Amino acid sequence: MFWSPDCVENIVMGINGQFPGPNIRARAGDTVHVELTNKLYTEGVVIHWHGIRQFGSPWADGTASISQCAINPGETFIYQFKVERAGTYFYHGHYGMQRSAGLYGSLIVNLPEGEREPFHYDREFSLLLSDWWHQSAHEQEVALASNPIRWINEPQSVLINGRGQHNCSLAARFSSSSKAVAQCHFRGDEQCAPKILSVLPNKTYRIRLACTTALSSLNFAIGGHKMVVVEADGNYVQPFATDDLDIYSGETYSVLVTTDQDPTLNYWVSVGVRGRRPNTPPALTILNYRTTAAIELPKSPPPVTPQWNDYARSVALSKKVLSRMGTPKPPAKYDRRIILLNSQNKVDGFTKWAVNNVSLTLPSTPYLGSIRYGLMKAFDQRSPPDDYPADYNINEPPSNPNATIRNTVYRFDFNTTIDVILQNANALSVNLSEMHPWHLHGHDFWVLGYGEGKFTDKDAKGFNLKNPPLRNTAVVFPYGWTALRFVADNPGVWSFHCHIEPHIHMGMAVVFAEGVELVRNVPAEALTCGLTAKMFLNEDSKA
Ligand code: C2O
Ligand code: CU
């Protein structure tokens with residue numbers, strides 16, 4: 001559809017005539033039923049329910065070529081899955097770069113009737129954070145896959161619930177930059193007009209944050225107000241107070257904000273970019289005490305986003321996220337440990353990202369079908385490496401930049417405990433190592449620790465087995481490592497990837513499979529493509 005997410009008209013991938021897509025609200029224990037009709041003219045589509053584990057419904061995970069075939073134009077696919085656990089989630093396209101095109105929305109699961117959260121709040125707001133380019137997702141896909149690569153650069157805008165401002169700023173009068181920015185004037189019904197958070201004094205608000213950015217790491221702050229973090233990725237955390245919060249692509253949080261400031265004033269809500277040299281103004285909206293006229297702008301400038309490259313600050317913040325008492329603890333021992341080196345590489349001159357030197361490209365037959373039915377020809381049956389060469393220097397660009405393109409799968413014995421160590425390294429240019437927020441489908445993992453440099457066995461002694469947070473997304477910081485543990489107890493095939501969309505597009509992903517022989521009741525429509533489609537045809541002709 002034509003839409004103006006940041007006051008500049010563009011084309012977005014919308015749902016039901018809306019951008020972002022409709023909010024989905026369910027109650028823990030519900031079965032959610034979504035009929036997705038593909039009204040795109042010439043391309044397939046799927047939708048992934050980010051943070052929902054899909055126990056017993058791995059075919060509904062919404063990953064093209066992994067859990068299902070992309071849905072063709074004109075076709076309808078029915079997703080049916082159970083939401084087991086209350087929390088803040090979202091959904092998004094998982095085919096090509098359709099997330100970057102705007103295919104996303106929020107998904108919130110309430111507690112079952114009669115149950116109460118372990119914290120009090122009066123009302124809530126839900127903020128879906130994203131980044132937006134004026135270049136189309138198609139152009140980005142081609143640009144990234146060109147030789148030489150044409151990098152997509154920083155987004156034009158950061159959006160809050162699909163709304164940002166490109167040619168004007170709400171805070172123009174505080175702008176110190178050399179280029180004058182126009183003051184925004186809104187009637188209020190524009191597609192890009194900010195949604196004001198209207199509050200009453202002396203109440204507590206739960207703000208649900210979900211970050212579905214294609215690229216940007218964000219920092220969220222409300223002028224003059226502290227917030228208390230209580231939930232991360234659908235799990236309760238040990239509450240902690242902070243002035244601002246880093247939020248990476250794929251993460252969700254709930255924070256509590258108490259409206260205890262001067263009710264005659266208004267306050268900025270600001271979402272700025274971190275982790276890359278910013279070239280995008282922060283997204284802004286206003287916290288309006290209902291005692292004040294909403295149109296009145298705050299009297300002081302918006303909160304300043306912390307230095308983009310102050311990684312020590314980011315690490316310290318991530319380490320504050322610990323699980324709340326009563327959260328399941330990780331098994332004390334692991335059965336298998338895999339170390340995944342994150343590197344930027346070249347394949348025949350094309351720029352790629354790789355994991356242990358393998359850059360993933362997806363096969364045409366979804367893994368869930370090919371593994372379930374033993375179709376060995378559907379993908380490369382070799383096991384991808386569990387480690388990287390001991391003499392690899394993570395502080396320098398790769399001495400041999402060449403990686404291989406493969407579609408191999410890590411297969412786990414069912415119900416075993418897996419440790420994954422994400423190891424960061426220098427990218428292709430000197431003195432550059434980027435942050436990567438890794439997201440696991442089908443599971444939560446415990447984040448056992450973050451460290452600097454090369455992970456060694458000794459580092460495992462420092463793992464937090466007492467109160468590690470349970471999450472589905474965790475960042476590996478520049479030149480560092482991040483240790484995760486999870487139990488391979490969910491029959492299915494699951495993507496594990498950097499949530500930065502251009503990075504996935506360039507191969508920064510792996511595939512995990514466990515207990516696939518236990519998978520039942522996969523609807524045929526999920527697998528009517530590639531070699532599984534052929535298999536169905538043969539069965540039909542035999543019958
Ligand atoms: Cu939200 Cu595989 O991603
Ligand atoms: Cu990445």
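None of the figures in this text is laboratory data; all of them are computed from the coordinates on show. Owing to the predicted nature of the structure, the values given are computational and were not obtained by experimental measurement. Backbone-built Cβ (ideal geometry, glycine too); neighbour counts: all protein chains shown.
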Task: Potential lengthening between Asn309 and Glu517 on full extension [0.36 nm per residue; Cα-Cα distance subtracted] - done: 70.3 nm
- [ ] Can you figure out the FRET efficiency of Ile11 with Ala533, using R₀ = 35 Å and their beta-carbon distance, to the nearest 0.05?
- [x] 0.65
- [ ] Lys and Arg at +1, Asp and Glu at -1: add these up for the other residues within a Cβ distance under 10 Å of Ala86 and post the number.
- [x] -2
Task: For Pro303, net neighbour charge (Lys/Arg +1, Asp/Glu -1) across residues whose Cβ lies under 9 Å away - done: -2
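Leu428: net charge of surrounding residues, Cβ under 14 Å, Lys/Arg +1, Asp/Glu -1, itself excluded?
Its environment carries a net charge of 0.
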Task: Cross-link table Lys346/Lys458; Lys319/Lys458; Lys82/Lys320; Lys377/Lys534, entries beyond 23 Å C-alpha to C-alpha - done: Lys346/Lys458; Lys82/Lys320
Task: Spacing of the two label points (7 Å from each Cα toward its C-beta) at Ser4 and Trp151, in nm - done: 3.2
Task: the stretch 119-319: projected area of the alpha-carbon convex hull, averaged over directions, in nm² - done: 12.5
Task: Amide proton proximity set for Ser126, modelled H, under 5 Å, gap of 5+ - done: Arg208
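Using Cβ contacts closer than 10 Å as the measure, can you line up Ile295, Ile421 from fewest to most?
Working: Ile295 12, Ile421 21.
Least to most surrounded, the residues fall as Ile295, Ile421.
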Open item on the list: Please give me, ordered by residue number, the GluC sites (Glu not before Pro) of the stretch 189-295 that lie in loop per DSSP and have at most 14 other Cβ atoms within 10 Å.
Closed with: Glu190
Task: Loop sites in the stretch 118-198: trypsin sites (Lys or Arg not before Pro), DSSP, at most 16 other Cβ within 10 Å - done: Arg150, Lys179, Arg187, Lys195
Task: Value at 222 nm in deg cm²/dmol, rounded to 500, when DSSP H runs of n ≥ 4 in the chain each add -39,500 (n - 2.57) - done: -2000 deg cm²/dmol
Task: Antiparallel DSSP beta bridges within the stretch 119-319, as percent of all bridges there, nearest 5 - done: 75
Task: Two-site FRET efficiency, Leu200 against His134, from Cβ-Cβ distance with R₀ of 30 Å, rounded to 0.05 - done: 0.20
Open item on the list: Are there any trypsin sites (Lys or Arg not before Pro) in the stretch 452-503 that are in a DSSP loop and have at most 11 other Cβ atoms within 10 Å? List them by number.
Closed with: Lys466
Task: Relative contact order (percent, whole number), the stretch 336-532, Cα cutoff 8 Å, 6+ residue spacing - done: 28
Task: Cys with no candidate disulfide partner in the chain (beta-carbon separation under 4.7 Å rule) - done: Cys211, Cys498
Open item on the list: Just to be sure I understand: of the beta bridges DSSP finds with both ends in the chain, what percent are antiparallel, rounded to 5?
Closed with: 75
TODO: Of the DSSP beta bridges with both residues in the stretch 336-532, give the percent that are antiparallel, rounding to the nearest 5.
DONE: 75
Task: Rough spin-label spacing in nm, given labels placed 7 Å along Cα→Cβ, for Gln18 and Lys226 - done: 3.6
- [ ] Enumerate the amide H contacts of Asn309 below 5 Å, restricted to partners 5 or more residues apart or on another chain; note that Pro and chain-start residues carry no placed amide H.
- [x] Gly275
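Starting from the Cα-Cα distance between Asn167 and Arg277, subtract it from 0.36 nm times their residue separation and give me the gain in nm to one decimal.
37.5 nm
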Open item on the list: How much length would be gained if the chain were fully extended between Ser541 and Ser175, taking 0.36 nm per residue of separation minus their Cα-Cα distance, in nm to one decimal?
Closed with: 124.7 nm
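Using C-alpha positions alone, give me the convex hull volume of the chain per residue in cubic angstrom.
In the chain, the Cα hull volume divided by residue count equals 150 Å³.
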Task: Compactness index (Cα Rg / 2.2 N^0.38 Å), the stretch 445-532 - done: 1.39
